[in-house]
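Note sheet for the following structure.
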Amino acid sequence: MAMADIYQNNYMSMAPTERRFEPYAFNGGNILAVAGEDFAIVASDTRLSQGFMIHSRDHPKAVQLSSSTVLAQSGFEGDITTLKKHVKIRIDMYEHNHGKKASTSAIASMISKMLYYKRFFPYYVYNIVAGLDDVGKGCVFSYDPVGSYEREQYRAAGAANELLQPLLDNQIGHKNMEGDFLPLSKEKALQLCIDCFISAAERDITTGDCVFLHVIDKDGIATKEFPLRRD
Amino acid sequence: MATTVSCLEVPKGGFSFDNCARNARLEERGLTRPKFRKTGTTIVGLVFEDGVILGADTRATEDTIVADKNCSKIHYIAPNIYCCGAGTAADTEKTTEMISSNLQLHRYRTGRPNRVATANRMLKQYLYRYQGYVSAALVLGGVDCNGPHLYSIHPHGSTDKLPYVTMGSGSLAAMATFEAGYKANMKKADAMQLVRDAVAAGIFNDLGSGSNVDLCIIGKDMKVEYLRPFDVANKKGVRQGNYSYKPGTTAVLSKSIKQIKYDIVSESVQEDMDTS
């Protein structure tokens, strides 16, 4: 009888059962980066969560690597912490070996190799590197967890990236729009980043609390904060 | 009398578990199950001096995405009985609707207002019959001829009759608030504030709950106040940019205009239209 089958398969089975240690967790949150003519903006929310619980409301996901490069990371916090530590050490080593500051594209290439080294037990991290390139133009590099990377003008990553990426495609990439458009100004890019997070906080439960922005231009890196819904 | 052959098989009562075996076999072949919309949720109930207060948040989630930012989780059961529901949204909705209909028939049969214990019995017997597969966790409250009553009902069919209860993913945060602030025979204003604080604890500290606090107060003489929303605890952030599109933004790929032939049946002229 059908009912007896269910009980034998699920509850009272005497067959050996497999137990596995789950090496990853998902700590939620979103990051996004936009590159302009002579600036780059990195935005990240500051909520660290797990399941339905909030670990911290004040945990930004982006960190400054040098005076013109910022690294934003989303995914599993354990791997984020370790990868961030290794990247900072490798940048120090680069500066000691080469006698000069590491450029954004050099850092980007190095992170790609570091990720692929762990191809068969990956870092569960979605990275975005943003900053000014060698000629002073804004640049954004986005990665997958095993190191495939590409230079782009804008990218959203994290829990609500399917919600944010189409909005950026339309507003920055002008996809599905006719007409002439002005180049992206810093003020408009800032407004757009904040509005993206306001919308993400509405529909994604792991996004909220506060959005932390790094604005990278030739004068250095400025930071801004903007409060979001806390529910 | 001629022999009559019954060609219809009378279906057996109760839940048929045949599909569960079929689903297990389909999953082995790689079928992904559709996600149910669960309500995440913080629902609470409190007995105060004159009656019962039910409180709920208003967020419905599908996994980690918010499906409904302002859904109603306090369901009508009878004029003097209301029920909050957590768990699978369809289950709570349809179960409470069904018991509400049956109670209306019961009212006609008995000629009296329903008792809360009757609603409790009907709900627990229904949920037990489905062995927990109907995933509805309910907080049932109401006032009847014997005074105010509050029950919590679990998906497998067990019930508890208590002065204050919480259910849902935010129940721990809400219960912490209740345990700190509950006193027997509270005044209405204090009780409303405590219920609001308990639901707010769930809204801010649990990711499955959010948006607003709804309250339903069933007081003396079975008078009901349904306050939706009671407290708008979270507003959407104010957008900084302008996202309207100029006419002509969407490309027109092709145009085709067809004449629709029509006959004029009647004509009428309207007097001055007041457009002020």
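Phi-derived couplings, Karplus 6.51 cos²θ - 1.76 cosθ + 1.60 at θ = phi - 60°, listed residue by residue for the stretch B:78-95: 8, x, 10, 9, 10, 9, 8, x, 10, x, 6, 4, 5, 4, 5, 4, 6, 5 Hz, with x used for Gly and Pro.
Remind me, relative contact order of chain A in percent, using alpha carbon pairs under 8 angstrom and six or more residues apart?
With pairs under 8 Å counted, the relative contact order is 26 percent.
With r defined as the distance between the Cβ atoms of B:Y243 and B:H156 and R0 fixed at 56 Å, what FRET efficiency is calculated, to the nearest 0.05?
Working from the Cβ atoms, E equals 0.70.
Extension gain for B:K220-B:K69 works out to 51.1 nm (0.36 nm per residue, less the C-alpha to C-alpha distance). Here the calculated FRET efficiency for A:T223 and A:M177, from their Cβ-Cβ distance with R0 = 30 Å, stands at 0.40, rounded to the nearest 0.05.
Checking the Cα-Cα distances for A:K175/B:K236; A:K61/A:K118; A:K175/B:K73 against a 32 Å cut-off, the pairs over it are A:K175/B:K73.
In deg cm²/dmol and to the nearest 500, what is the mean residue ellipticity at 222 nm of chain B if only DSSP H runs of at least 4 residues count, each as -39500 (n - 2.57), divided by the residue total? Could you put the intermediate results ahead of the total?
Details: 5 runs with 76 residues, N = 276.
Helices in chain B give a 222 nm mean residue ellipticity of -9000 deg cm²/dmol.
Distance from the C-alpha centroid of the stretch A:146-170 to that of the stretch B:134-183: 44 Å, rounded to the whole angstrom.
Couplings for the stretch B:189-206, taken from phi via the Karplus curve 6.51 cos²θ - 1.76 cosθ + 1.60 with θ = phi - 60°, read 5, 5, 5, 4, 5, 5, 5, 4, 5, 5, 5, 5, 4, x, 4, 8, 9, 10 Hz in order; Gly and Pro are left as x. The Cα center of the stretch B:199-250 and the Cα center of the stretch A:27-82 differ in position by 28 Å.
A simple charge model with +1 on the Cβ of Lys and Arg, -1 on the Cβ of Asp and Glu and nothing else charged puts the dipole of chain A at about 760 debye relative to its Cα centre. Rounded to 0.05, the FRET efficiency of the A:K113 and B:M273 pair, given R0 = 56 Å and the Cβ-Cβ distance, is 0.15. With bins 10 Å wide beginning at 0, the percent of Cα pairs of the stretch A:24-227 falling in each bin runs 9, 37, 37, 15, 2, 0.
The slack in the chain from B:N19 to B:A180, taken as 0.36 nm per residue of separation less the alpha-carbon distance, amounts to 53.3 nm. Site-free segments of chain B were taken between chymotrypsin sites (Phe, Trp or Tyr not before Pro) in DSSP loops having at most 14 other Cβ atoms within 10 Å, sites themselves excluded; the longest one is B:134-242.
Please compute the Kirkwood hydrodynamic radius over the stretch B:106-203, one decimal place, Å, based on all pairs of different Cα atoms. Provide the component values of the computation, followed by the final result.
Values: mean 1/r = 0.0674 Å⁻¹.
Roughly 14.8 Å, rounded to one decimal.
Modelling each spin label as a point 7 Å along the Cα-to-Cβ direction, I'd like the A:Q153/A:N170 distance in nm, to one decimal. It works out to 1.7 nm between the two label points. Between B:E97 and B:Y133, the simple label model (points 7 Å from Cα in the Cβ direction) yields a spacing of 2.0 nm. Here the Karplus curve 6.51 cos²θ - 1.76 cosθ + 1.60, taken at θ = phi - 60°, turns the phi angles of the stretch B:42-50 into couplings of 10, 10, 9, x, 8, 8, 10, 3, 9 Hz, with x standing for Gly and Pro. Each of A:G136, A:P183, A:Y154 was placed along the dipole of the stretch A:134-231 (beta-carbon charges, centred on the mean Cα), and the one lying farthest toward the positive end is A:G136.
Rounded, prolate or oblate: pick one for the stretch A:88-204, where a ≥ b ≥ c are the square roots of the eigenvalues of its C-alpha gyration tensor, a/c under 1.5 means rounded, and failing that, prolate if a/b is larger than b/c, else oblate. Oblate, because a/c is 1.5 or more while a/b does not exceed b/c.
Any read-out appearing in this document is the output of simple, stated calculations on the displayed coordinates, not a laboratory observation. Computed from a predicted model, the values in this text were never measured in an experiment. Neighbour counts are summed over all protein chains in view; Cβ atoms, including those assigned to glycine, are modelled from backbone coordinates with ideal geometry.
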